[in-house]
Structures are given as C-alpha cells and as structure tokens.
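To start, the structure under review is shown below, and the notes come after it.
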Amino acid sequence: FKLNIGGGSYTDGETVTVGLPEQLFVASYEEMYIAILALLGHEGQHVLSSNFDSFVKYNEEETERLVRKGMSRRFAQNFVHSIGNIIEDGRIENILVNRLPGYISKIQFLNMYFWNLNEIDEETPELHGLTSTILTLSVLGIYPKNYNKVFKGTKLDKEIEKIKPLIFEGTKARTCNDGLNICRKIIYTIEPYLFELYEEIREQEEL
C-alpha cells in the first residue's frame with residue numbers, strides 16, 4: 001500500500017496506490033481521512049473483483065473496431081478505456097458497499113464531493129458532458145449537477161436515455177467480463193453520435 005499527497009489512485013493488481021486528491025487539500029482532516037478510506041476500499045475492491053486480462057482484451061478489441069471505421073487511435077483508446085473504467089468503478093463500488101456496509105457513507109461522501117465540484121455549465125464540451133453523465137449515473141445513480149439546465153432535451157440527453165439501462169445493468173454485472181461486454185453494447189449503441197463528436201474535434205486533435 002502506497003499513500004501519496006496528490007496524484008491518482010490506482011492498482012496493478014498487487015500494489016494499491018492512493019493519492020489524496022488535491023481538491024481535498026482544503027477539506028478538514030476528518031474529510032481527508034474519509035476520502036483516503038474510500039479510495040483505499042475502491043482500489044482494494046478492484047484487486048478482488050476486476051479482471052485485468054479482460055480489460056486489456058476489451059480495450060484492444062473495441063479500439064481496433066472504432067479505428068477500422070475511421071476514428072483516430074488516440075481518441076478511440078481514450079473513450080473505450082473511459083467507458084470501461086467508469087462502469088467497472090460503479091460495479092466494484094456496488095460490491096464493496098454490499099460486502100462492507102460501513103463503506104456506504106464513505107463512498108457516497110467522496111462521490112458527492114466531486115459531484116458538487118464538477119457541475120455542468122454552458123461552457124462544458126459535449127464530449128465531457130457525455131462521459132461525466134455516464135460516470136455520475138454509474139457511481140451515484142444521478143445526473144451531473146445542473147444537467148437539466150444545460151442538456152435536458154438535447155441530442156446528448158437522447159443518447160443518454162438510450163444507454164441509461166445499460167449503465168445500470170453494467171454496474172450490477174456479476175463479473176468484470178460481463179460488465180465489459182455491456183460496455184461494448186454502450187459504445188455500439190452511441191457509436192453514430194460518438195463519431196459526430198469526434199468529427200467536431202478531429203481537426204483540433206490532428207493539430
């Protein structure tokens with residue numbers, strides 16, 4: 001176990017690294033401690049419940065599928081990895097709080113802390129709005145802060161409605177592989193919309 005002040009939290013399946021988020025530097029010591037415990041439980045559950053070989057296969061196959069259809073490898077890799085990680089985060093947190101109910105308040109505190117910080121506004125890029133909405137639905141079951149004010153009734157909102165049942169299905173999947181197969185369905189379902197978003201930033205990305 002490694003604890004860093006700042007930086008990300010992650011695991012390679014053997015070592016768990018927890019980075020106290022910089023956004024919490026202004027919090028009380030008690031809140032910092034709760035956040036560290038939440039992140040430790042989260043990463044520890046990845047070790048117990050995630051399948052890293054399945055992740056590699058999913059990332060490679062879904063990235064290649066999108067690249068063959070004309071998407072840049074960098075964009076495809078980032079999006080495919082994000083969706084897999086988001087759904088798996090929701091899935092393992094469900095397992096964690098059912099296994100250790102004392103973790104419910106800790107996980108809720110950490111997720112709601114960032115929910116309050118990352119509110120949607122008129123300047124929010126549509127791609128960021130898409131991934132942020134999938135994330136908050138996955139780990140909290142709610143939309144991002146100010147979502148209705150900015151995105152209600154938009155194309156993004158309609159695409160989210162298509163995949164919302166899949167998001168919840170993925171977070172309740174029995175195994176990591178089952179959850180990743182649902183991620184494949186999510187990407188396939190919104191693929192035309194994803195290519196629209198890609199085309200909007202394609203020139204900028206190429207530069």
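The values are calculated or read from the model by the stated rules, or taken from the named source; none is laboratory data. What you see is a predicted model; the values in this text were computed from it and never measured. Here Cβ is always computed from backbone atoms with ideal geometry, including for glycine, and neighbour counts include all displayed protein chains. Ligands, DNA and RNA are excluded from the accessible area calculation, which covers all protein heavy atoms including side chains. Shrake-Rupley method; radii C 1.70, N 1.55, O 1.52, S 1.80 Å.
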May I ask you to list the lysines whose Cα is less than 27 Å away from that of LYS149, ignoring any residue fewer than eight positions away on the same chain? LYS158, LYS162, LYS164
Rounded if a/c is under 1.5, else prolate if a/b is larger than b/c, else oblate: which is the range 50-160, with a ≥ b ≥ c the root eigenvalues of its Cα gyration tensor? oblate
16 Å reach of a label modelled at THR175, 7 Å along Cα-to-Cβ, counting backbone N of the range 56-74: 56-58
Charge tally in the Cβ shell below 15 Å around MET32, where Lys, Arg are +1 and Asp, Glu are -1, MET32 excluded: -2
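Taking only complete DSSP H runs, can you tell me which helices of the chain stretch 15 Å or more along their own long axis by Cα positions and average at least 0.5 on the Kyte-Doolittle scale? Kindly include the intermediate steps, with their values, before the conclusion.
Numbers: long enough: 29-49 (30 Å, 0.44); 52-68 (24 Å, -1.11); 73-99 (38 Å, -0.32); 104-117 (20 Å, 0.48); 126-139 (20 Å, 0.94); 155-171 (24 Å, -0.49); 176-189 (20 Å, 0.07); 191-206 (20 Å, -1.36).
Sorted by number, the helices that extend far enough and score high enough are 126-139.
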Toward the positive end of the charge dipole of the range 137-207, about the Cα centre and with charges on Cβ (Lys, Arg +1; Asp, Glu -1), which of ILE186, LEU140, GLN204 goes farthest? LEU140
Label point distance in nm, PHE168-SER72, each placed 7 Å from Cα along Cα→Cβ: 3.7 nm
Work out the length of the dipole vector of the chain about its Cα centre, built from +1 on the beta-carbon of each Lys and Arg and -1 on the beta-carbon of each Asp and Glu, and round it to the nearest 20 debye. 680 debye
The chain - mean residue ellipticity at 222 nm from DSSP helices (-39,500 (n - 2.57) per run, n ≥ 4, rounded to 500): -23500 deg cm²/dmol
Pulled fully out, how much extra length does the chain show between ASP12 and VAL47, if you take 0.36 nm times their separation in residues and subtract their Cα-Cα distance? 11.8 nm
In the chain, what percent of the accessible surface is made up of carbon and sulfur (1.4 Å probe, ligands and nucleic acids excluded)? 52 percent
With Cα extents along the principal axes in Å defined as stated, name the option among [x] 59, 51, 35; [y] 46, 39, 35; [z] 42, 39, 29 computed from the structure displayed. [y]
Quote to one decimal, in nm, the extra length available between ASN4 and ILE95 on full extension: 0.36 nm per residue of separation minus the C-alpha distance between them. 30.2 nm
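Quick check on packing: order 39-47, 143-151 by the mean number of other C-beta atoms within 10 Å, highest mean leading.
Ranking, from highest mean packing down: 39-47, 143-151.
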Run the numbers on the chain and let me know its relative contact order in percent, using alpha-carbon pairs under 8 Å that are six or more apart. 19 percent
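Please compute the contact order of the range 58-142 in relative form: average sequence separation of alpha-carbon pairs under 8 Å and at least six residues apart, divided by the residue count, as a percent. The partial results should precede the final answer.
Details: 38 pairs, mean separation 28.0, N = 85.
Computed over the range 58-142, the figure is 33 percent.
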Straight-line reach from LYS106: which lysines have a Cα under 21 Å away, not including same-chain ones fewer than 8 places off? LYS2, LYS145, LYS172
For GLY19, distant residues with modelled amide H under 5 Å away: ASN4, SER9, TYR10
Taking 0.36 nm per residue of sequence separation and subtracting the Cα-Cα distance, how much length would be gained by fully extending the chain between ASN146 and TYR29, in nm to one decimal? 39.2 nm
